[in-house]
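Beneath this line is the structure, given in structure tokens, with notes to follow.
The values are calculated or read from the model by the stated rules, or taken from the named source; none is laboratory data. Please read these numbers as outputs of a predicted model, since none were measured by experiment. All Cβ positions, glycine included, derive from the backbone under ideal geometry; neighbour counts span all protein chains shown.
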Amino acid sequence: MKVLILPTAERAAMHVAKLIADTVIGTANPVLGLATGGTMEPVYRELVHRHQAGELSFAGVTTFNLDEYVGLPPAHPQSYHSTMRRLLFDYVDIDLERCHLPQGDAKDIEVEAARYEAAIANAGGIDLQLLGVGSNGHIGFNEPTSSLGARTRVKTLTRETRSANARFFSSPDEVPRYALTMGPATIMDARQCVLLAIGAGKADAIARMVEGPVGADCPATALQWHPKATIVLDPEAASKLKMIAYYQYVHPDGQEPELGGGDGQS
Ligand code: GLP
């Protein structure tokens, strides 16, 4: 894992936006895996800004979001379909036909899960998968004890996750109980993973994910097996890492020396 600790939350988000922009610019027919959550809002703002400044086109880009709430139709204001339009899709030159999210209101949710997996494969796989992390170590909506080999399927959300996401709904009871999410194995298939975490509330999950043993009690630990995973943090999210001095020594202020390729700390 490459651990980059940026001096501020804003610079961490800017760095992630740059990694995404570099992939879009440097890849033929780029396929992005996208994430929702409050952490991603400044990332999408920066991508929109770069587009509006004429620096970045999404014309040939295909996207697949990690997850969607089960039962919410795409037009529901809190569906991830709507969220993505509000944060990114409506403000850039992306072809909406190429923007994929699991269909949370599909009649047969298992068929939908299989269709989503096939759609990712048909697109040639994901070049860069953007990830946040839940304070309990979930990625996508893969709650603790998710099988690390699981692919897209329905997961029951924990009470903790539902209450963390209640801020986006008018009452906590409105937060759906289930989500359709890419599995850890779907995420691991991406050619590159970039995880952004901000704030002290994520510090335990980050320490567990980067330095703890791989285990289903923290699904984000699956990324320890990924050949190209970059973890971008602000100082608060990094505050419980035991080897923080090493990460800062290798990547001062989160800068990446030009040593070429590389997945690790080099
Ligand atoms: C949500 C999403 C995740 C996200 C996480 C953290 O439930 N399914 O993709 O990474 O929780 O969200 P936030 O960035 O709002 O803390």
Out of curiosity, is Thr62 touching a helix residue (DSSP H, G or I) at 6+ places or on another chain (Cβ under 9 Å) and either at pLDDT below 95 or within 16 Å of the ligand (Cβ to nearest atom) (or both)?
-> no
Could you grab me the full set of residues in the range 17-49 that are more than 12 Å from the ligand (Cβ to nearest atom) and under 14 Å from Gln192 (Cβ atoms)?
-> Lys18, Leu19, Ile20, Ala21, Asp22, Thr23, Val24, Gly26, Thr27, Pro30, Val31, Leu32
Can you work out which of the residues in the range 128-159 that are in a strand (DSSP E or B) and touching a Lys or Arg at 6+ places or on another chain (Cβ under 9 Å) is surrounded by the fewest Cβ atoms within 10 Å (Cβ to Cβ)?
-> Thr156
Extreme residue, farthest from the chain's Cα centre (by Cα), among residues of the range 164-203 that are under 17 Å from Ile20 (Cα atoms) and near the ligand (Cβ under 10 Å from one of its atoms) | Ala197
Would you mind telling me which numbered condition in (1) out of contact with any Phe, Trp or Tyr (no Cβ under 7 Å at 6 or more places or on another chain); (2) in contact (Cβ under 8 Å) with a residue 60 or more places away in the chain Val154 fails?
-> (1)
Hey, among the residues in the range 211-266 that are part of a loop (DSSP other than H, G, I, E, B), farther than 29 Å from Thr186 by Cβ and of a type in the set (Asp, Glu), which one's modelled with the highest pLDDT?
-> Glu236
Looking at the range 75-87, which of its residues are surrounded by 15 or more Cβ atoms within 10 Å (Cβ to Cβ) and out of contact with any Cys (no Cβ under 9 Å at 6 or more places or on another chain)?
-> His76, Gln78, Ser79, Tyr80, Ser82, Thr83, Leu87
From the set of residues in the range 107-127 that are without any contact (Cβ under 8 Å) to a residue 40 or more places away in the chain and outside any helix (DSSP H, G or I), which is surrounded by the most Cβ atoms within 10 Å (Cβ to Cβ)?
-> Asp108
Does Leu96 satisfy the condition of being of a type outside the set (S, T, N, Q) and surrounded by 21 or more Cβ atoms within 10 Å (Cβ to Cβ)?
-> no
